[in-house]
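*Asks:* I have a structure here, written as structure tokens, and I will follow up with some questions on it.
None of the figures in this text is laboratory data; all of them are computed from the coordinates on show. No experiment lies behind these values; they were computed from the predicted model shown. Glycine also receives a Cβ, built like all others from the backbone with ideal geometry; neighbour counts cover every protein chain displayed.
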Amino acid sequence: MRRALPALVFASVAGLAQAEPVVVGDAIPAPLTAAPGEPARGRAIVADRTRGLCLLCHPAPIPEERFQGNLAPSLAGVGARLTPGQLRLRLVDSRRLNPETLMPAYFSTAGLVGVADAWQGRPILRVEEIEDVVAYLATLRD
Amino acid sequence: MSPWRRQGWLPLLALLLGAAGPRSGFETMTPELQAMQRDDAGNPGMLSVLEGEALFAREGCAACHAAAALRGVAARYPAHDAARGGPIDLAGRIAECREQRAGRPPLPRESQPMLALQSFVAHQSRGLPITPDPRLAEARAEGERLFRERRGQLNLSCAQCHETLAGGRLAGANIPEGHPNGYPLYRLEWQALGSLQRRLRGCFTGVRAEPLAPGSPAALALEAYLFGRAAGLPIETPAVRP
């Protein structure tokens, strides 16, 4: 069983506006990319069960996707509950807030065990995709 | 407390109220699928059982075993194997017996004839409770460790889904407790009869983890643990699952 090397913890550094996401309190206030995220692309990622995988666990206001999980809080209204910076940290690595969390870290490969070769050393989403998803979640205000 | 958190307590509550003990995946299926499994004429897995019965006679197994004497065997597997000093599962035993005693060439684990032979043998124990081999304590402990270890790019453990979240919904799928008592079984999604190893491969690749090699010590340990935690559940082979 392989463990990710520390150098791979924040992989896919190309396109990153900063060397490593900077956590302040319970948030990552600064965007990870220079270009702002695009909500429509973010919605497509959240809806796609092979990319965002979010609907496996979360219900979300995406009515055309009939099969949504019930293992996690609804994403409806999440943009009113959390700031973009707070949303960003929850995507990058929810373990920073709750080490036992069910939610996968979307942009950290630290401490993973037995990852299949095809996914070795790769985060679940790229930085651009993280920013797109944050931009979409921020629009979910009710 | 948010509603989804409250829901998380329901299985625990059920447990405290006396619905204790393992629950087969059968219990949470739709009535239509339950009826399909119960009806031998409509259960697609019965075709493999019949194929296995013919192979059992033709491949030399019947020279040593009367079919009636196979009753109860699958309920005791995986079993301790003195020569290996550890567990052997039913597929491993059938392969070994067939090669060493009947002098037949090896059958790959997932081949249709192997699945058929295994279905026929396990079917002879249908309805009998799983009685784990007490000599496998060490393998079961290693299997439990694997069951609780978070793995893969999604960093999830078997225990998270099949203990904590059993009864919940993962996208459109009901999460069962994850018991091995129905295998080989007919799965609608596969449109075929498949092995426990195939099911486990699905769960491993689902969390983007490298699957365990079938028949490897780790795979056998996990299998021994799964049968241990399913103690008392009846063998359902050939079960039907969504």
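*Asks:* Give me the percent relative contact order of chain A, please, defined on Cα pairs under 8 angstrom at least 6 residues apart.
*Replies:* 39 percent
*Asks:* Along the charge dipole of segment B:27-241, Cβ charges K/R +1 and D/E -1, which of B:L200, B:A41, B:P234 sits furthest on the positive end?
*Replies:* So the residue we want is B:L200.
*Asks:* Another question, if that's okay. Could you tell me whether segment B:106-242 comes out rounded, prolate or oblate from its Cα gyration tensor? Rule is a ≥ b ≥ c as square roots of the eigenvalues, rounded for a/c under 1.5, then prolate if a/b exceeds b/c, otherwise oblate.
*Replies:* rounded
*Asks:* With each run of n ≥ 4 DSSP H residues scored as -39500 (n - 2.57), what mean residue ellipticity at 222 nm is computed for chain A after dividing by its residue count and rounding to the nearest 500 deg cm²/dmol?
*Replies:* -7500 deg cm²/dmol
*Asks:* Let me ask something else about it. How many partner chain Cβ atoms sit within 10 Å of a residue's Cβ in peptide A:104-116, on average, as a whole number?
*Replies:* For this peptide, the per-residue mean of nearby foreign Cβ atoms is 5.
*Asks:* Considering chain B as a Gaussian network with a 10 Å cut-off on Cα pairs, which listed residue, B:P87, B:P108, B:P211, attains the greatest mean-square fluctuation?
*Replies:* Checking each option, the largest mean-square fluctuation is seen for B:P108.
*Asks:* Same structure, new question: Give me a single rounded figure for B:165-174: the average over its residues of other chain Cβ atoms within 10 Å of their Cβ.
*Replies:* Mean shielding by partner chains, rounded to a whole number: 5.
*Asks:* What whole-number distance in Å separates the alpha-carbon centres of segment A:128-142 and segment B:84-149?
*Replies:* So the two Cα centres are separated by 49 Å.
*Asks:* Evaluate the charge dipole of chain B about its Cα centre and quote only its size in Debye, nearest 20, assuming +1 on the Cβ of each Lys and Arg and -1 on the Cβ of each Asp and Glu.
*Replies:* Dipole size: approximately 420 debye.
*Asks:* Under 10 Å, Cα contacts only: if you run a Gaussian network model on chain B, which one of B:E110, B:E96, B:E189 comes out with the highest mean-square fluctuation?
*Replies:* Evaluated over chain B, the most mobile residue of the options is B:E189.
*Asks:* For chain B, set up a GNM with springs between Cα atoms under 10 Å and report which of B:A116, B:A79, B:A209 has the largest fluctuation.
*Replies:* B:A209
*Asks:* On to the next question. As a test of the definition: which semi-axes, in Å, follow for chain A when you take the square root of five times each eigenvalue of its alpha carbon gyration tensor? Largest first, please.
*Replies:* The equivalent ellipsoid of chain A has semi-axes of 23, 18, 14 Å.
*Asks:* Relative contact order for chain B: what is it in percent, counting Cα pairs under 8 Å that are at least 6 residues apart?
*Replies:* Answer for chain B is 29 percent.
*Asks:* Read phi for every residue in segment B:29-46 and hand back ³J(HN,Hα) as whole Hz from Karplus 6.51 cos²θ - 1.76 cosθ + 1.60, θ = phi - 60°, with x for Gly and Pro.
*Replies:* The phi angles translate into 7, 5, x, 5, 5, 4, 5, 4, 5, 6, 8, 4, 6, x, 7, x, x, 5 Hz.
*Asks:* Work out how much length B:R135 to B:E163 would gain on full extension: take 0.36 nm times their residue separation and subtract the Cα-Cα distance, in nm to one decimal.
*Replies:* 7.6 nm
*Asks:* Then there is this: Over segment B:78-217, what is the mean sequence separation of C-alpha contacts under 8 Å (at least six apart), divided by residue count, expressed as relative contact order in percent?
*Replies:* 19 percent
*Asks:* While we're on this one: Give me the one-decimal Kirkwood hydrodynamic radius in Å for chain B, with the sum taken over alpha-carbon pairs.
*Replies:* This gives a value of 18.7 Å.
*Asks:* Still on this structure: Amide H neighbours of B:L185 under 5 Å, counting only residues 5+ apart in sequence or on other chains, H built in-plane at 1.01 Å?
*Replies:* Close amide H contacts, sequence-distant or interchain: B:G194.
*Asks:* Please give the charge dipole size of the protein assembly as shown, origin at the Cα centre, charges +1 on K and R Cβ atoms and -1 on D and E Cβ atoms. Round to the nearest 20 debye.
*Replies:* With only Lys, Arg, Asp and Glu charged at Cβ, the dipole is about 360 debye.
*Asks:* On to the next question. Lys/Arg Cβ at +1, Asp/Glu Cβ at -1, dipole of chain A taken about the Cα centre: which of A:P84, A:C57, A:L140 is farthest positive-ward?
*Replies:* A:C57
*Asks:* Hey, another quick one. What does the charge dipole of segment A:39-139 about its Cα centre add up to, to the nearest 20 debye, if the Cβ of each Lys and Arg holds +1 and the Cβ of each Asp and Glu holds -1?
*Replies:* 160 debye
*Asks:* Based on the inverse mean of 1/r over its pairs of different Cα atoms, what is the Kirkwood hydrodynamic radius of the protein assembly as shown, in Å?
*Replies:* Taking the inverse mean of 1/r over all distinct Cα pairs, the protein assembly as shown comes out at 22.9 Å.
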